[in-house]
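The values are calculated or read from the model by the stated rules, or taken from the named source; none is laboratory data. Small disclaimer: the values here were computed from a predicted structure and weren't measured. We place every Cβ from the backbone using ideal geometry, glycine too, and count neighbours over all the protein chains shown.
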Amino acid sequence: MNNLTAHVQAAPAPAQIIQPTAISPITNPDQAYLDATTKIDISQLDFGSMHNSITDGTLTVTFSDPLEKAGPVPTGWATWSSPPESESANPDVLYRDGNTLTLILSAPVTIFGFELEPAPFGTNTFTVDFYNDNILLGGVSRMVDGDAGARLFALSSTSPDLPINRVQINGPSDFAIAQVRYQLEAQEIDPALVLFIILVLILIIALLLFL
């Protein structure tokens, strides 16, 4: 038995692995995680439609293989877990008819995560690796039950660690993901630009005083 009432294709994506420095995995979608991140809403996507990417207008996540929209659970996908292991027992999901998937992010992020559940009922181990280009920042491996056992795979990578811009999913079976969330990398202010603005303001004030 399995979760499926869907269909798609499959293809792997290799990646170079370099020893990580430090990782901060996030295991449950608690309030702190929800408050710190933005969710890419897929609820408006048509049931059964195929997608090479999803976006909220700020971040675009591009997939190495097309994903099929299903849900909300149990429509097209039979089960999911419930809080506190997941945000909701009835999410909209994206189905991957294959056991690997690469996600490419359009901008660097300091937090990235999603919930995942395998299609077959029973327990399978999935590994999600988080990268900055070809540098492995950290990996999360979890045993996930396909029968109402969806789990969060998320990582925080803040300065001085590099931000995340690529994610690789590997497992033994096809699967679905839901609740894709991120936190954009904070843009540092250029000190030279700040100094320039201060000097311009001083010059303007000086000119006004002598008029």
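Looking across the range 22-78, the residues that are within 23 Å of Pro118 (Cβ to Cβ), in contact (Cβ under 8 Å) with a residue 24 or more places away in the chain, part of a loop (DSSP other than H, G, I, E, B) and of a type in the set (Ser, Thr, Tyr) come down to Thr27, Ser43, Thr75. Of the candidates Phe114, Phe130, the single residue that is in contact (Cβ under 8 Å) with a residue 12 or more places away in the chain, under 11 Å from the mean Cα position of the chain (by Cα) and within 16 Å of Gly71 (Cβ to Cβ) is Phe114.
Total residues in the range 120-161 satisfying the condition of being in contact with a Pro (Cβ under 9 Å, 6 or more places away or on another chain), among the aliphatic types (A, V, I, L, M) and under 20 Å from Gly76 (Cβ atoms): the figure is 2. Please tell me if Asp190 is of a type outside the set (A, V, I, L, M), under 23 Å from Thr58 (Cα atoms) and modelled with pLDDT under 95. So Asp190 passes the test. Within the range 79-118, being in a strand (DSSP E or B), touching a helix residue (DSSP H, G or I) at 6+ places or on another chain (Cβ under 9 Å) and closer than 16 Å to Asp41 by Cα holds for one residue alone: Gly113.
How many residues are closer than 15 Å to Tyr33 by Cα and surrounded by fewer than 21 Cβ atoms within 10 Å (Cβ to Cβ) if we restrict to the range 142-181? So the answer is 2.
Within the range 39-75, restricting attention to residues that are charged (D, E, K, R) and under 14 Å from the mean Cα position of the chain (by Cα), the residue that is farthest from Leu4 (Cα to Cα) is Asp56. Examine the range 66-76 for a residue that is loosely packed, with under 15 Cβ neighbours inside 10 Å and either touching a Leu at 6+ places or on another chain (Cβ under 6 Å) or under 24 Å from Ser141 (Cα atoms) (or both), and state whether such a residue exists. Looking through the range 66-76, none of the residues is loosely packed, with under 15 Cβ neighbours inside 10 Å and either touching a Leu at 6+ places or on another chain (Cβ under 6 Å) or under 24 Å from Ser141 (Cα atoms) (or both).
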